[in-house]
Amino acid sequence: MSASDDKEEIGSGTHQRIVIDLGSFNERLAEKGASLRNGGPDSFRHKGLPADRGDG
């Protein structure tokens, strides 16, 4: 797959689709969100940014 403007190719790459178990995905997403809100190891706070950015 590639993209071009009037002069040249401006990008190329691949695209892949997969089927996921939505229940399992949502469960893991909720757990990760809770960890982020509570200042877990992958949180914004850990990276030196405010924990609540006010965008969600």
query: How much of the accessible area of region 1-40, in percent, comes from carbon and sulfur atoms when a 1.4 Å probe is used?
result: 50
statement: Karplus ³J(HN,Hα) for region 3-17 (6.51 cos²θ - 1.76 cosθ + 1.60, θ = phi - 60°; Hz, whole; x = Gly/Pro) runs 10, 9, 9, 5, 9, 7, 5, 10, x, 8, x, 10, 9, 9, 10
message: Can you tell me the length gained on complete extension of the stretch residue 30 to residue 12, counting 0.36 nm per residue apart and subtracting the Cα distance?
response: 3.1 nm
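The values are calculated or read from the model by the stated rules, or taken from the named source; none is laboratory data. Predicted model only: the values in this text are computed from it and were never measured. Only protein heavy atoms, including side chains, enter the accessible area calculation; ligands, DNA and RNA are left aside. Shrake-Rupley method; radii C 1.70, N 1.55, O 1.52, S 1.80 Å.
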